[in-house]
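Data first, discussion second: the structure below is written as structure tokens.
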Amino acid sequence: MAEQSVLVVEDTDEIRELVCTVLTRAGMDVRAVGTGAEALEEVRRSAPDVVVLDLGLPDADGTEVCRQIRAESECYVLMLTARAEEVDLLIGLAVGADGYMAKPFSPRELVARVQVMLRRPRVAVPSDAAPVEDSVRRLAELEVDEDSREVRVDGAVVDLTRTEFDLLAALASRPGRVLQRETLLREVWQTDWEGSVRLVEAHMSNLRRKLQAAGLSSPEIKTVRGVGYRLVA
């Protein structure tokens, strides 16, 4: 079985070497670069499974590098920030990363977070999902194709990230039912880390915006205040 690949984008030598060492010891194929331009070139060349991306790069804003990676790749992105208070800001900016960690971080936690991303299924298929005859779930104007991982509104494909698709697939598998944020964390992120609840909210906001821009009026993702979300026609 081929090793799963991780690209480390960090300009500080000591941190880059530490991250590369702990991930390599965990059995991953690790490559490293120090600039945003090199990161984009390497993503296009080697298509890593996960990118560990530092916010403060010498040649580019890490948020813009993340957005460009998101536009070109289905890889997961774990963003590293210099200060804990930056995490909420980044989530609020809807940068598109799948996770965030503040420095200084625990090497063990970093490895665990990357491993969780690598274990995440391509499609969330919960045991209590509604039965479906084929891979396509059809709800009013919306189609969610779990085999091709495509979402269509009135037949037109909507461009979603891997995480956005997994969130919508989870909701579409149980239409009308309220899914708690913690349930979505377990099914989509495979984690119970409380700090990730804001990630659910940020990705759900992006998902809604894209579906609305595509002209979707039904079904609609409804927020159940203090609980979670449901997909209703």
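Quick notes on this structure:
- Annotation: Val197 fulfils all but one of (1) without any contact (Cβ under 8 Å) to a residue 60 or more places away in the chain; (2) of a type in the set (A, V, I, L, M, F, W, C); (3) under 22 Å from Arg152 (Cβ atoms); the unmet one is (3).
- Close pairs from region 137-155: first closer than 17 Å to Arg208 by Cβ, partner among the aliphatic types (A, V, I, L, M) and in a loop (DSSP other than H, G, I, E, B), Cβ under 7 Å, at least 6 apart: Leu139/Ala233; Ala140/Ala233; Glu141/Leu216; Leu142/Leu216; Val151/Leu160; Val153/Ala214; Val153/Leu216
- The lone exception for Arg198 - which of (1) of a type outside the set (Val, Ile, Thr); (2) touching an Asp or Glu at 6+ places or on another chain (Cβ under 8 Å); (3) modelled with pLDDT of 90 or more it fails: (3)
- Selection of region 60-83 for residues being basic (Lys, Arg) and either within 12 Å of Tyr100 (Cα to Cα) or assigned by TED's automatic domain parsing to the domain that holds Leu199 (or both) yields only Arg83.
- Number of positions in region 1-53 that are of a type in the set (S, T, N, Q) and touching a Leu at 6+ places or on another chain (Cβ under 9 Å): 3
- Of the strands (runs of 3 or more DSSP E) that lie entirely inside region 20-136, those containing 1 or more residues that are at pLDDT below 90 span 76-81, 99-102.
The values are calculated or read from the model by the stated rules, or taken from the named source; none is laboratory data. Given the structure is predicted, the values throughout are model-derived calculations rather than measurements. Methodologically, a virtual Cβ is constructed for each residue, glycine included, from the backbone with ideal geometry; neighbour enumeration extends over all protein chains shown.
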